[in-house]
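Below: the structure, in structure tokens.
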Amino acid sequence: MLTWACADRRHGRPATAVSALEITVDPAHRGRGLSYRMLDGLRAAAHRQGHRELVAPVRPTAKQQRPELPMADHIGELRADGLPADPWLRVHVRAGGTVEQVAPASMTVSAPLARWREWTGLPFDRAGEVRVPGALAPVHCDPVRGHAVYVEPNVWVRHRATGRTV
């Protein structure tokens, strides 16, 4: 998203949408409706800038519980009321967002094994997929090359920009 925006600006192409980068609510303040207020603020800011929509690369919060599950399967899981089973996706849908598609490579972290060991406390001593707490997908470990790569999927959610705020 940032790469596209920079390239568009460099080539003189006008912006056609606004994107969120991240919404994080401190665990001590969750359950107070802050996420809805933050989404409303982002939609209102997009509207004030003359845009019709806001897109967000959403990191589903429950996905880390099953990193081996493909993201497409995760976002397809619905509750009996038809809302997403994932709590963060559910917030977006309740706020009027539409789940569009999987962003298969939203973030990539590539680093030497020593760095991965430092970050995670895990040995990273076997070739293949390593499950890292908090990660949405396994980390690919290559001990022969002394390197590991994490490619995190996210989900594109589209919201209508609106002048209304809570």
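The values are calculated or read from the model by the stated rules, or taken from the named source; none is laboratory data. Note that this is a predicted model, so its numbers are computed, not measured. Cβ sites come from the backbone with ideal geometry, for glycine too, and all protein chains shown count toward neighbours. Keep in mind that these areas ignore ligands, DNA and RNA; they rest on the heavy atoms of the full protein, side chains included. Shrake-Rupley method; radii C 1.70, N 1.55, O 1.52, S 1.80 Å.
Here are a few things to note about the model shown:
- At most 12 other Cβ within 10 Å, DSSP loop - trypsin sites (Lys or Arg not before Pro), the range 1-100: ARG30, ARG32, ARG52, ARG79
- Here the chain has 53 percent of its accessible surface on carbon and sulfur atoms, given a 1.4 Å probe and all protein chains in place.
- Solvent-accessible area per residue for the range 110-166 (1.4 angstrom probe, square angstrom): 58 Å²
- Size of charge dipole - the chain - debye, nearest 20, with Cβ of Lys, Arg +1 and Asp, Glu -1, no other charges: 640 debye
- Projecting label points 7 angstrom from Cα along Cα→Cβ for ARG30 and ALA15 puts them 3.0 nm apart.
- Dipole orientation for the chain: of the candidates MET71, LEU89, LEU54, LEU54 has the Cα lying most toward the positive pole (charges on Cβ; Lys, Arg +1; Asp, Glu -1).
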